[in-house]
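What follows draws every value from the coordinates through simple rules; no lab data is involved. In this text, all values refer to a predicted model and were calculated from it rather than measured experimentally. Glycine also receives a Cβ, built like all others from the backbone with ideal geometry; neighbour counts cover every protein chain displayed.
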Amino acid sequence: MKLLLKECGYYRVKKGQTLSEIARTFLFPARVLAVANGLTEEVRAGQVLKIPARAGNLYVVRGGESKTLLCGSPESFERKNATVWLYPAQEIFL
């Protein structure tokens, strides 16, 4: 899946850090950082990650909400969030 995000900066991974920890620091869902950097496995110390510009406000999905309600259309949801899945407690960009 291709993301339409502009690069904002770079970050060098420190020893012991995980992708989830780094994503939380920059207020991103981990899957968005993984897709933006073409990652298929966990990050390693010294690796440089591209930090994209934020695609919107970070939001936690509640039960009963839909892609269309949250982002206007399923396509917009998938483009901003690098996933076709939507479930309660998921962190997404609006």
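Residue count for the range 62-94 satisfying the condition of being crowded, with 17+ Cβ neighbours inside 10 Å and among the aliphatic types (A, V, I, L, M): 4.
When the residues of the range 37-61 are filtered to those that are surrounded by 14 or more Cβ atoms within 10 Å (Cβ to Cβ) and in contact (Cβ under 8 Å) with a residue 40 or more places away in the chain, the one that is farthest from the chain's Cα centre (by Cα) is K50. Across the range 71-86, the number of residues qualifying as more than 19 Å from V35 (Cα to Cα) and either in a loop (DSSP other than H, G, I, E, B) or of a type in the set (A, V, I, L, M) (or both) comes to 2.
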